[in-house]
Each structure stands twice: as C-alpha cells, then as structure tokens.
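Here the structure is laid out as structure tokens; the discussion comes afterwards.
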Amino acid sequence: MKKQIICINWGTKYGPRFINRLYAMVARNITPPFNFTCFTDNANGVRPEVDCQPLPELAVTMPVNTKGIWPKARLWGPTLGTLTGPVLFLDLDLVITGNLDDFFGYGDPDQVILSRNPAKPFERLGQTSVFRFPVGKLLPLQEKFRANPQAVADEYRYEQRFVTQNAPGGIDLFPRPWVRHFRYQCMHVFPLNWALTPRLPKGCKIVIFPGGVHPEHAIRGGWLGREGASLWQHIKAVGRRDPAEGSAWRYLRHYMKPTAWVQDHWRE
C-alpha cells in the first residue's frame with residue numbers, strides 16, 4: 001500500500017510550527033517512500049517537503065456549541081486534492097513515538113480503520129485523531145452531514161462517533177497498544193500524578209492529545225494556563241483558581257510533571 005499521510009489546518013490555532021513538527025516526526029518514523037499532504041488555508045512558513053493543498057470546499061455552516069471537530073468533514077468528499085486510495089490522517093497535535101509502517105499494512109485497504117477511544121470504554125468508539133480511509137469512501141457521511149450539519153452534530157456530539165456508526169461497510173480499529181491517549185493512558189491517576197512523570201506505554205507508536213492538553217503543556221508541566229508551575233505553586237494557587245477550574249478537588253487533580261520524552265519526540 002502506498003504510504004500517504006494527511007493532516008488538515010485552518011485558522012491560526014496550530015499553523016506551520018505544528019505542521020513542520022508533524023512532518024519531521026513522520027519522516028523519522030517511516031520507511032520511505034511516503035508522501036505528506038497538508039490541506040490548509042495558509043501555507044506560509046510550511047517546510048517545502050510538505051505538499052500543501054487547498055482546504056477542500058464544504059459550503060455549510062459548521063455546528064456551534066458542539067465539541068466535535070466537524071471541519072474534518074471537509075476530507076470526506078468524493079475527491080481529496082490529487083490523492084487517491086487509502087490515506088492515513090493524523091491530528092496536528094499528536095506525538096509520534098514509534099514506526100508508522102504497520103498502519104499501512106494493517107487490515108483491509110478498502111476499510112475505514114480508526115484508533116480506539118479510551119474515553120468511552122463501554123462503547124465501541126473510534127478516535128479520528130488517527131484513522132485511515134480510502135479517498136471517497138466517506139462521501140455518504142459528508143452528504144448526510146451537509147444536509148443538516150447541526151442536527152448531525154446534536155445527535156452524535158463528536159464527529160468520531162458519527163464516523164464509527166455510519167462508515168460504509170463498518171469500521172475496524174487499530175491494535176490497542178499502537179495509539180495511546182496522553183491524559184487517560186500516559187498520565188498517572190491522582191495523587192500519583194503529583195509524584196510520577198507521565199509514562200510512555202510499551203508498544204506505543206502515537207500519543208494523542210485530545211481535551212485541550214497539547215505536547216507543549218506536557219513538556220513544561222503544570223496544566224493549561226499555568227504551564228511550568230511547580231507542584232508547590234500549584235497547591236498554593238488553589239484559593240485563587242479560575243472559576244472555570246471548578247471545585248478545589250478538580251483543580252488539585254489537574255497537575256502533571258514535566259515530561260521529557262514528549263520533548264524528545266515532538267521536534268523538527
């Protein structure tokens with residue numbers, strides 16, 4: 001199978017810094033030849049090895065007040081730039097920690113294959129941070145979404161649930177050890193997270209970062225909005241926490257030690 005990696009970027013949240021790091025991680029962890037395509041609305045500052053192509057058109061109003069990343073539906077059309085056949089989609093904010101070749105040899109080339117979602121252990125739910133699909137296979141999903149985007153988002157909440165439950169021919173899931181969720185499967189539970197550095201599970205090839213925590217936060221430690229804070233600073237600040245943090249109990253649980261292995265992998 002041809003090794004085709006894709007990602008998508010719009011707006012200013014990520015941009016070239018994340019695109020360039022993702023390309024570098026792929027290049028260090030794959031057996032050539034491969035191609036790497038970024039569908040983006042701004043190619044300025046992106047390294048020349050990346051094939052930047054325009055964002056696919058999707059003339060709909062995206063859902064509001066919905067947690068799912070529904071602009072990914074742009075990738076579900078009958079065509080996808082100049083690409084054909086199976087493509088492996090990667091989120092911009094993940095960290096590659098092992099060889100990617102097996103993601104192209106696993107399963108049926110004509111099937112939609114997702115990473116596993118550990119946030120819902122009692123639901124067979126895929127995760128679209130890492131998933132492989134043949135170009136054009138998800139067109140029925142895009143057509144259904146285009147007909148009423150907000151209704152689809154209200155019913156399924158997350159685009160990964162929509163893909164999991166509606167992909168033509170059903171879905172498969174990559175082996176569990178290959179893709180791990182940083183907060184759920186690398187960080188230690190409270191209060192062990194106060195003393196122990198997040199671990200890199202054995203056999204893990206990709207670490208994903210859903211839920212707001214990004215590789216930069218993991219590298220510096222602390223938590224969102226207080227990156228680099230020591231444990232003592234974290235504890236002292238409980239009385240003046242942001243109301244968005246919720247209870248003192250919730251605030252105190254949200255701490256992580258600086259994670260050197262993330263910095264070792266998340267680089268150009």
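Just to be sure before I move on: is Asn20 under 23 Å from Gly211 (Cβ atoms), polar (S, T, N, Q), surrounded by 14 or more Cβ atoms within 10 Å (Cβ to Cβ) and in contact (Cβ under 8 Å) with a residue 60 or more places away in the chain in the structure I sent? Give the steps one after another, and end with the answer.
On the way: under 23 Å from Gly211 (Cβ atoms): no; polar (S, T, N, Q): yes; surrounded by 14 or more Cβ atoms within 10 Å (Cβ to Cβ): yes; in contact (Cβ under 8 Å) with a residue 60 or more places away in the chain: yes.
In short, no.
Only one residue in Asn65, Asn42 is assigned to a loop (DSSP other than H, G, I, E, B), over 26 Å from Asp101 (Cβ atoms) and in contact (Cβ under 8 Å) with a residue 24 or more places away in the chain, so which one is that? If you could, list the steps in order and put the result at the bottom.
Working: Asn65 fails: in contact (Cβ under 8 Å) with a residue 24 or more places away in the chain.
Matching residue, one of Asn65, Asn42: Asn42.
Mind checking which residues of the stretch 35-59 are out of contact with any Phe, Trp or Tyr (no Cβ under 9 Å at 6 or more places or on another chain) and closer than 17 Å to Leu83 by Cβ? Break it down stepwise before answering.
Step one: filter the stretch 35-59 for residues out of contact with any Phe, Trp or Tyr (no Cβ under 9 Å at 6 or more places or on another chain), giving 35, 37, 43-45, 48, 57, 59.
Of everything in the stretch 35-59, those that are out of contact with any Phe, Trp or Tyr (no Cβ under 9 Å at 6 or more places or on another chain) and closer than 17 Å to Leu83 by Cβ turn out to be Asn35, Thr37, Ala43, Glu57.
May I ask you to list the residues in the stretch 90-135 that are farther than 12 Å from Ile171 by Cα, of a type outside the set (D, E, K, R) and in contact with a Ser or Thr (Cβ under 7 Å, 6 or more places away or on another chain)?
Result: Leu94, Ser129, Val130, Val135.
Filter the stretch 195-215 down to residues that are among the hydrophobic types (A, V, I, L, M, F, W, C) and touching a helix residue (DSSP H, G or I) at 6+ places or on another chain (Cβ under 9 Å) and give me whichever is modelled with the lowest pLDDT.
Keep residues of the stretch 195-215 that are among the hydrophobic types (A, V, I, L, M, F, W, C), which gives 195-196, 200, 204, 206-209, 213.
So of that shortlist, the ones also touching a helix residue (DSSP H, G or I) at 6+ places or on another chain (Cβ under 9 Å) come out as 195, 200, 204, 206-209, 213.
Numbers: Ala195: 96, Leu200: 98, Cys204: 98, Ile206: 98, Val207: 98, Ile208: 98, Phe209: 96, Val213: 92.
It comes out as Val213.
Given the conditions (1) buried (at least 18 other Cβ atoms within 10 Å of the Cβ); (2) touching a residue at least 40 places away in the same chain (Cβ under 8 Å), and given that Val50 satisfies all but one, which numbered condition is not satisfied?
That leaves (2) as the condition not met.
Being in contact (Cβ under 8 Å) with a residue 24 or more places away in the chain and assigned to a strand (DSSP E or B) is the requirement here; does Gln127 meet it?
On the way: in contact (Cβ under 8 Å) with a residue 24 or more places away in the chain: yes; assigned to a strand (DSSP E or B): yes.
So Gln127 fits the description; yes.
Considering Phe145, Phe103, Phe133, which residue is in contact with a strand residue (DSSP E or B) (Cβ under 6 Å, 6 or more places away or on another chain), hydrophobic (A, V, I, L, M, F, W, C), more than 23 Å from Gly15 (Cβ to Cβ) and not in a strand (DSSP E or B)?
Phe103
On the given criteria, is Tyr23 in the same structural domain as Phe103 (by TED's automatic domain parsing), within 20 Å of Ile96 (Cβ to Cβ), touching an Asp or Glu at 6+ places or on another chain (Cβ under 9 Å) and modelled with pLDDT of 95 or more?
Working: in the same structural domain as Phe103 (by TED's automatic domain parsing): yes; within 20 Å of Ile96 (Cβ to Cβ): yes; touching an Asp or Glu at 6+ places or on another chain (Cβ under 9 Å): yes; modelled with pLDDT of 95 or more: yes.
Yes; evaluated as a whole, the condition is true for this residue.
Answer yes or no: is there a residue in the stretch 202-222 that is in contact with a Cys (Cβ under 7 Å, 6 or more places away or on another chain), within 30 Å of Phe103 (Cα to Cα) and of a type in the set (Lys, Arg). Talk me through it step by step, then tell me what you get.
Let us first name the residues in the stretch 202-222 that are in contact with a Cys (Cβ under 7 Å, 6 or more places away or on another chain), namely 207.
With the extra rule that they be within 30 Å of Phe103 (Cα to Cα), the set shrinks to 207.
In the following step, the residues that additionally are of a type in the set (Lys, Arg) were identified as none.
No, the stretch 202-222 contains no residue that is in contact with a Cys (Cβ under 7 Å, 6 or more places away or on another chain), within 30 Å of Phe103 (Cα to Cα) and of a type in the set (Lys, Arg).
Please specify each residue of the stretch 157-196 satisfying the condition of being more than 25 Å from Ala73 (Cα to Cα), surrounded by 15 or more Cβ atoms within 10 Å (Cβ to Cβ), hydrophobic (A, V, I, L, M, F, W, C) and out of contact with any Leu (no Cβ under 6 Å at 6 or more places or on another chain).
Cys186, Met187
Filter the stretch 88-105 for residues that are surrounded by fewer than 17 Cβ atoms within 10 Å (Cβ to Cβ) and either in contact with a Phe, Trp or Tyr (Cβ under 7 Å, 6 or more places away or on another chain) or of a type in the set (D, E, K, R) (or both) and give the result.
Keep residues of the stretch 88-105 that are surrounded by fewer than 17 Cβ atoms within 10 Å (Cβ to Cβ), which gives 98-99, 101-102, 105.
The answer is Asp101, Asp102.
State yes or no: is Gly45 within 29 Å of Trp261 (Cα to Cα) and either aliphatic (A, V, I, L, M) or under 19 Å from the mean Cα position of the chain (by Cα) (or both)? Let's see the steps before the verdict.
Values: within 29 Å of Trp261 (Cα to Cα): yes; either aliphatic (A, V, I, L, M) or under 19 Å from the mean Cα position of the chain (by Cα) (or both): no.
Here the answer is no, as Gly45 does not meet what is asked.
The values are calculated or read from the model by the stated rules, or taken from the named source; none is laboratory data. This is a predicted model, so every value here is computed, not measured. Backbone-built Cβ (ideal geometry, glycine too); neighbour counts: all protein chains shown.
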